[in-house]
Amino acid sequence: MNKKKAGKFLLKITLSLVILVYLFSQVSLSSLAESFWGARHHYIILAFGLYLVGQVLSTYKWGLLVNVLGFQRGFKKLLAYYFIGMFFNLFLLGSIGGDVGRVYLLAGRSESRARAGYSILAERFTGGLALATIATVALISSLGKEVIPFWLRIGMIGGCAAVWAIVFTLPLFVKLLPWLTKWAQRINLGDFTIYWSYPRRMSLVLAISFIFQVLNVLVFASIGTSLDLGVPLGYYFVIVPIVDLISILPISINGMGVREGSYVYFLHLMGVETSRGLAFGLLGLLVVVASSLLGGMVYVLGDYPLHIRRRGGI
């Protein structure tokens, strides 16, 4: 890691820590503990189960994408790769680390890694597209107008419209970007717009992406119910997608601090006190961590060392 990267990494850690320290300084530890211990555990278990279902759906979606690129892997193996990637997200401090791990597990040989990375890029992009669309619909609803500033609504709506425009018009512009074609040929992809050649499959991929995002909202709605926040379900469809988008910004370590602070802010707008808002964010983090640790068990108990190179196939 060079000095520039080390400096950026240090800034991210600092921002995450500063926000978390500030949030904890604003609440009484006893009230925070009371929120935790008073949570209805069966709703937290429900949130955990819904989160796992979402990851299984995401794995199936990823399988649809990797098959197009010529990778032939069974669902069980892809599921193991996916959960191992989640595990590495914890210790490599960001989704990029987990994605790199999945690339190595899927591809093995160096000449296949770029294609494997392309499948993960497509998976992330379709998920982000669904997330942005749900957030935009929520923003223009009456609920969104009550809690979200006007400038943020306009920015989100414009950004979402631009991304959808790119989705529908990219094949028309590839000829104007010859470097994309050269890159695709170099990694034996054949065509950068290969996914556009499978409209039915990609429609299914997008449908799964929307279902996944709805499940993600229900995860946090279950956590909110466990804490008796009294927030209507519709508000979660406004808050959760927006906080997820904010957390993606590369300004913190895996969204830590930024995510919890955002939840505290938006829930406060609906009358939820800071200690309970912070408990909400931390319980959401615990659900993610607990699910990711399952990937650690798969990695330790299975034969999935990242340094192994496959002997044949793609």
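Coordinate-derived values only; no laboratory data. If you're wondering where the values come from, they're calculated on a predicted model, not measured in any experiment. Don't worry about glycine lacking a Cβ; one is built from the backbone with ideal geometry, like all the others, and counts go over all protein chains shown.
Determine the dipole magnitude for the chain: charges of +1 sit on the beta-carbon of Lys and Arg, -1 on that of Asp and Glu, nothing else is charged, the reference point is the Cα centre, and the result goes in debye to the nearest 20.
That gives the chain a dipole magnitude of about 1460 debye.
Project the alpha carbons of the range 1-138 onto their principal axes and report the range along each, largest first, in whole Å.
55, 45, 31 Å, listed from the longest principal axis down.
Under 18 Å between alpha carbons, and skipping anything fewer than 8 positions from Lys77 in its own chain: which lysines qualify?
Lys61
What are the equivalent ellipsoid semi-axes of the chain, built from the alpha-carbon gyration tensor (square roots of five times its eigenvalues), in whole angstrom, biggest first?
34, 24, 19
Can you give the local net charge around Phe220? Use residues other than it whose beta-carbon is closer than 12 angstrom to its beta-carbon, Lys and Arg +1, Asp and Glu -1.
So the surrounding residues net to 0.
So which lysines can Lys4 reach, going by Cα to Cα under 26 Å and dropping same-chain residues fewer than 8 places off?
Lys12
Residue farthest toward the positive end of the dipole of the chain, with Cβ of Lys/Arg at +1 and Asp/Glu at -1: which of Ala122, Phe210, Tyr104?
Final value for the positive-end residue is Tyr104.
Membrane-span-like helices in the chain: DSSP H runs reaching 30 Å or more (Cα, own axis), mean Kyte hydropathy at least -0.5?
Long hydrophobic helices here: 3-25, 41-68, 110-140, 150-173, 199-226, 274-301.
Put a dot 7 Å past each Cα toward the Cβ at Ile248 and Lys76; how far apart are the dots in nm?
Each label point is offset 7 Å from its Cα along the Cβ direction, giving 3.4 nm.
Between Val137 and Phe125, what length in nm is gained on full extension when 0.36 nm per residue of separation is reduced by their alpha carbon distance?
Length difference between fully extended and current span is 2.5 nm.
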